[in-house]
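The values are calculated or read from the model by the stated rules, or taken from the named source; none is laboratory data. On a predicted model such as this, the values are computed, not experimentally measured, just so you know. Here the Cβ positions follow ideal geometry from the backbone for every residue, glycine too, while neighbour counts run over all protein chains shown. Each accessible area value is taken on the protein alone, full model and side chains, heavy atoms only, with ligands, DNA and RNA left out. Shrake-Rupley method; radii C 1.70, N 1.55, O 1.52, S 1.80 Å.
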Amino acid sequence: MNKKQNDIIELIRDIQIENFSKYETIDTTTESEPTEHHILKDDGFIEVRDHQLFIINPNANGRQPVLVPNENIYMTVNGKVLKKEIAVFEKDTIEWTVKIKKPYQITISEDKLNVYLQVFPELFTKYRLKDKKRSLRFKLEVEPCHKPCHVEEVSSKILEDITKYGVKIEVKTSAIMQELMQPTFNRILVAEGLPLIPSRDGFVEKFFKNEVEEVIEEVNGKVDFKNRLKIPIAEAGAVIAQVHPPKEGKEGYNVLGQTLLPKKAKRLDVRAKPAIKITDDGKVIALQQGRPSVTGHYVKHINILETYEVNGDVDMSTGNIFFSGDIIIRGNIKDHMTVESSGSIFVYGSVYHASVTASQHVIILGNVMNSKINAGQFGLFYSRVYKITQDLSLSIKQLWEALKQLQQAMELKGISMDFGYVLSTLVDSKFKNIRDKVFELYKTIQEMAEHQISFPPQLKIILNALAKFKDNQSILSITSEQSLHSIQYAINELMQQMESIILEESNIDFYSATSSQIKTNGKITIKKEGIINTTLFAGKDIVFNRQNAVIRGGKVEALETIKAGIVGTDMGQPPELYAGKKISIEKLHQAKISFPNYNLFIEEPIEEIELIYNSKTNKVKSTKIFYNSN
């Protein structure tokens, strides 16, 4: 390794990756008023009387008067700016002006659709010297007085200033003149463009509830525990939805005269299963009884799902169950059994040492023991891709900031080196996690292919771009800042696409879980005791309904928020919690807590703590003060 390479590595060690808050100290001391000296008989003096300035020279042995600067008044003595105390004479020319705020302000809205004017009192104010008794050391002071406003002259100046902003539409002159004649000193609208009418994409309006309700009812004076799940059912011939066609918007224009064009409306591809009929006017009609279902992202599949019911336990006597519809199990799922559904799965009991997979929701009215529960299999993969790309986006943003610091330091030391080599060294020294995330993304894509899950073209583009980060030799091929920008742009585009895909989430509900793995692309709700040594992953939120629900050991990941009860214990293995936005905990003993590119380890008891992650600053705001042991 040559000296130049050694110098670069030393510079990299000095780079600060995290952003630290900078505090500015403000000097609040003010200049003291000049002390009045006793004027002797022969001394000169300065006085303001009837708002006029008088300077009187001293007699033979008297002292010359001194003029003291005033930070709020711009003064010149014989054409020279007064910056410090100076002796003045009767023959001197003293000129002054007041440092005042601008008389009005013109602003254009961020969307460039509106122009606003705000008139300030300064427009109607002039200043005169304030009468002040004579003194040897004298500081001029001023006082406000009314100034008449020449409406036509001022309005013409305002119109001229508005034009300088590039405004090319008609300005409401009457509104300006009205404000000048009867000022409100509020911000008023003086010009407005024509906002566009946005296009509306095609969509499906559903006339049924997606949620499954748990209701305890009495039948003949007895509580009916068998049928406490209320599953939405459509009768044959019922209209379950309406397909709305796309509607094009209307163009507009902004105050700069630029045309605003709406995005082209997208037609929704809707495909009806055999149990569905879609009429010419978009009505969706059920042809048989069952649970209505609308799924899909780019293509909407509408169906009436048949129901397979097991009036007891799923065990060796029933065998494994694979069904292309909803499955209702009015008992438990026993050891080593597998239940898979292209719809939702409803279990009235518990799940023991079993595997449960549903394309839609999984509702369990009991406990989960040593089992694997998956819901929304397609969306689950997309959620994993979203989390990986989110981490990559933040890491590459930090890489970019570190690269700029390194380039500045190299320039100061007169070091030049190929862009690819500098980037490769930086990644190898401080950003090895980027390579790890790239390999994790490739692994997830491989699993998607094995499950025959299609992925959007943007994902293929980003995979080709990220291939440059797979090893040091590949990073050397990144020859410019533009290449790095292109990779960052492609990642952000993919994140936006993943967000739209995982909007239709599948949910999982259960009472408690031990030594299990539970994953969904939607929301997980734990209704009772909590979890022990269990892994949870949710594409949206994870919610523990009870304040005393526990998290002991295990790992809890949510791409958005976690609402937890009692987290960790004083002696046991600390659980790991990850959230993309917020974590709120009723009582915390100890836990490893993570947000995107931000890690905490809290080992002290804290009650009612809320942690909120700010993606723009990569900082975490907490409602409680604690020590981070990480």
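The set of residues in the stretch 104-124 being surrounded by 15 or more Cβ atoms within 10 Å (Cβ to Cβ), modelled with pLDDT under 90 and of a type outside the set (A, V, I, L, M) consists of Glu122, Phe124. For the stretch 139-153, the criterion of being surrounded by 16 or more Cβ atoms within 10 Å (Cβ to Cβ) and charged (D, E, K, R) is met by at least one residue. Restricting attention to the stretch 64-88, the residues that are modelled with pLDDT of 90 or more, on the phi < 0 side of the Ramachandran plot and open to solvent by 80 Å² or more (accessible area, probe 1.4 Å) add up to 5. Does at least one position in the stretch 613-630 carry a residue that is among the β-branched types (Val, Ile, Thr), open to solvent by less than 20 Å² (accessible area, probe 1.4 Å), assigned to a strand (DSSP E or B) and modelled with pLDDT under 95? No - not one qualifying residue is present in the stretch 613-630. Restricting to the stretch 280-294, name every residue that is open to solvent by 40 Å² or more (accessible area, probe 1.4 Å) and part of a loop (DSSP other than H, G, I, E, B). Hits for the stretch 280-294 are Asp280, Asp281, Leu287, Gln288, Gln289. For the stretch 438-478, give me the residue count where each residue is modelled with pLDDT under 70 and either open to solvent by 60 Å² or more (accessible area, probe 1.4 Å) or polar (S, T, N, Q) (or both). Number of matching residues: 5.
Would you mind finding the one in Ser506, Ser512 that is of a type in the set (S, T, N, Q), farther than 18 Å from Lys581 by Cβ, open to solvent by less than 30 Å² (accessible area, probe 1.4 Å) and at pLDDT below 95? Sole residue among the options that is of a type in the set (S, T, N, Q), farther than 18 Å from Lys581 by Cβ, open to solvent by less than 30 Å² (accessible area, probe 1.4 Å) and at pLDDT below 95: Ser506. Residue under question is Phe138, and the condition is that it be outside any helix (DSSP H, G or I), of a type outside the set (Val, Ile, Thr) and under 30 Å from Asp42 (Cα atoms); does it hold? Here the answer is yes, as Phe138 does meet what is asked. Scanning the stretch 89-102 for residues that are open to solvent by 50 Å² or more (accessible area, probe 1.4 Å) and under 53 Å from the mean Cα position of the chain (by Cα) yields Trp96, Thr97, Lys99, Ile100, Lys101, Lys102. Within the stretch 40-63, take every residue that is part of a loop (DSSP other than H, G, I, E, B) and touching a residue at least 60 places away in the same chain (Cβ under 8 Å) and give me the one that is surrounded by the most Cβ atoms within 10 Å (Cβ to Cβ). Once the filter is applied, the top-ranked residue is Gly44.
Of the residues screened, Lys334 is not one that is modelled with pLDDT under 85 and open to solvent by 10 Å² or more (accessible area, probe 1.4 Å). Among residues of the stretch 416-441 that are farther than 12 Å from Phe469 by Cα and touching a residue at least 40 places away in the same chain (Cβ under 8 Å), those with a beta-carbon under 7 Å from a residue that is open to solvent by 60 Å² or more (accessible area, probe 1.4 Å) and of a type in the set (S, T, N, Q) at least six positions away or on a different chain give the pairs Phe419/Thr479. Sub-9 Å Cβ pairs linking a first residue in the stretch 337-358 that is free of Cβ contacts under 8 Å to residues at least 24 places away in the same chain and part of a loop (DSSP other than H, G, I, E, B) to a second residue that is surrounded by fewer than 23 Cβ atoms within 10 Å (Cβ to Cβ) and among the acidic types (Asp, Glu), at least 6 apart or interchain, are Met337/Asp313; Met337/Asp315; His353/Asp335, ordered by first then second residue. Only residues that are farther than 14 Å from Gly530 by Cα, under 22 Å from the mean Cα position of the chain (by Cα) and surrounded by fewer than 22 Cβ atoms within 10 Å (Cβ to Cβ) were counted across the stretch 558-577, and they come to 2.
Residue selection: Lys209 satisfies the criterion of being modelled with pLDDT under 90 and within 30 Å of Lys277 (Cβ to Cβ).
Among the residues of the stretch 156-191, just one is within 37 Å of the chain's Cα centre (by Cα), assigned to a loop (DSSP other than H, G, I, E, B) and of a type in the set (Lys, Arg), namely Lys168.
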